[in-house]
Amino acid sequence: MTKSDWHSTTILSVRKGGRVVVAGDGQVTADKTIMKANARKVRRLAKGDVVVGFAGATADAFALSERLEAKIEQHPGNLARACVELAKDWRMDKYLRQLQAMMAVVDAKTSLILSGTGDVVEPERGLIGVGSGGPYALAAARALLDSDLDAEEIARRAMQIAAELCIYTNDHITLESLAAN
């Protein structure tokens, strides 16, 4: 089985009403086989002040999260700087360049998308959707953002919609939230 036979996941982040949430589904798929249904792809870093969601290879995601945590310790209170420093390493380091993942990274003030191509993007309206089902979840969250629903409920509903549309996404959702500024 090659890396291209492995399909991603769905990670969604919603920032609204003084909260920011990151949600991830639990499905791990290899080619046409579901390998696991309850993987945890959303984690807290930096003593719980940062939430990260990963789409891509699990080992790569863990390696990147460890590196991100070290960058956060080097640049406390400046998530954007920590992410830019990680992106520079990810792009320049021969070993890290091989890692295939995308990350949604949030703290109380900032929402960012990181990729192995060196991208550090602050999305519009505080919404992030990455992974195979990311576009579905992102579209649903955008449609729900102006409703009376809170950030957590928007994320849950959008993830459910993504699970109904994307065969690489299931409805076993992990959700972490933080108070937002």
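Taken over the range 32-65, the criterion of being surrounded by fewer than 23 Cβ atoms within 10 Å (Cβ to Cβ) and among the charged types (D, E, K, R) is satisfied by 32, 36, 40, 43, 44, 47, 49, 60.
Tell me yes or no: at least one residue of the range 15-22 is over 20 Å from residue 85 (Cα atoms), touching a residue at least 40 places away in the same chain (Cβ under 8 Å) and under 11 Å from the mean Cα position of the chain (by Cα). So far as the range 15-22 goes, yes, one or more of its residues are over 20 Å from residue 85 (Cα atoms), touching a residue at least 40 places away in the same chain (Cβ under 8 Å) and under 11 Å from the mean Cα position of the chain (by Cα).
You will find that of 46, 104, 30, the residue that is among the hydrophobic types (A, V, I, L, M, F, W, C) and at positive phi is 46 and no other. Counting only helices (runs of 4 or more DSSP H) that sit completely within the range 66-181, those holding 1 or more residues that are within 18 Å of residue 28 (Cα to Cα) correspond to 134-144, 151-165. Residues that are out of contact with any Gly (no Cβ under 8 Å at 6 or more places or on another chain), modelled with pLDDT of 85 or more and not β-branched (Val, Ile, Thr) within the range 1-42 comprise 17, 18, 19, 26, 27, 35, listed in sequence order.
Criterion applied to 129, 118, 134 was being under 23 Å from residue 56 (Cα atoms), in contact with a Lys or Arg (Cβ under 6 Å, 6 or more places away or on another chain) and of a type outside the set (Ser, Thr, Tyr), and the one residue passing it is 118. If I filter the range 157-165 for residues that are touching a residue at least 40 places away in the same chain (Cβ under 8 Å) and of a type in the set (Val, Ile, Thr), do I get at least one hit? Checked the range 157-165: no residue is touching a residue at least 40 places away in the same chain (Cβ under 8 Å) and of a type in the set (Val, Ile, Thr). Remark: residue 39 matches the filter, which requires a residue to be part of a loop (DSSP other than H, G, I, E, B), in contact with a helix residue (DSSP H, G or I) (Cβ under 8 Å, 6 or more places away or on another chain) and among the hydrophobic types (A, V, I, L, M, F, W, C).
The values are calculated or read from the model by the stated rules, or taken from the named source; none is laboratory data. Everything numeric here is computed off the predicted structure, so don't read it as measured data. For neighbour counting, all protein chains shown are included, and Cβ atoms are generated from backbone atoms with ideal geometry for every residue, glycine included.
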